[in-house]
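Taken together, the values in this text are just the output of simple stated rules run on the coordinates, not laboratory data. All values reported here derive from a predicted model rather than from experimental measurement. FYI the Cβ positions are ideal-geometry reconstructions off the backbone, even for glycines, and counts take in every protein chain you see.
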Amino acid sequence: MKNTFSKGFTLVELLIVITILAALAAAVVVVLNPAELLAQARDAQRMSDMTTLRDAINLHISQVSTPLLCGGTVASPGTCPVGGRCTIAAVPPANMPFAGTACTVPAAADLRLVTNVGWVSVRFTDMPGGAPIATLPVDPVNSITFFYAYRADTTNNTFRLATRLESARHREMMRNDGGPDSACGPIGAHTWTTADCFFEVGTNMAAAL
């Protein structure tokens with residue numbers, strides 16, 4: 001007698017396998033947390049940008065006899081904006097990393113320029129070897145919550161760069177960067193509404209700018 005039994009999965013077995021795969025996929029999403037991973041990637045870009053700009057400004061200070069940290073010219077270096085400069089408009093004063101009013105934002109066409117009219121008002125083109133960076137970076141989100149800011153003291157040739165970190169993994173670094181971040185809440189409790197909740201790099205970190 002010929003065996004006509006067909007090997008394969010029954011509908012019930014297929015449903016069980018699909019259910020297990022769905023549960024595993026859900027578990028992977030929970031464990032990996034794509035939103036957190038994307039936030040970490042953006043934070044990595046922010047910290048890299050801050051380091052690059054800090055090094056470029058320090059190099060400018062060391063190579064140029066009359067550093068221009070606030071725009072203007074050698075004869076008239078200009079006055080540093082009270083609230084600093086940043087990459088996005090309409091940032092409330094209370095949401096700024098520096099004391100004073102809301103920041104000054106260059107025109108959109110000038111925002112990334114390295115000729116002292118960009119959001120970092122340093123004329124990198126004065127350096128003997130030319131500007132070490134081609135354009136100024138901008139925050140990957142660039143909103144009134146997440147943006148880049150710059151403030152300088154022309155008299156003492158000091159400066160500070162600031163940005164916010166959004167991922168749970170990196171937020172604590174805003175309290176441990178050497179800046180005045182005492183009011184920044186513990187990890188997981190940030191409301192992004194305090195001027196002390198920023199990741200900062202630069203010189204003279206402890207002093208108010």
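Numbers for the structure displayed
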read-out: Long-range HN-HN contacts of residue 158 with modeled amide H, under 5 Å; value: 153
read-out: Fully extended contour minus Cα-Cα distance, from residue 24 to residue 155, at 0.36 nm per residue; value: 41.1 nm
read-out: FRET efficiency, 1/(1 + (r/R0)^6) with R0 25 Å, evaluated for residue 110 and residue 144 via beta carbons; value: 0.80
read-out: Separation in nanometres of the label points that stand 7 Å from Cα toward Cβ, at residue 48 and residue 82; value: 3.8
read-out: Inter-label distance, nm, simple model (7 Å from Cα along the C-beta direction), residue 90/residue 65; value: 4.7
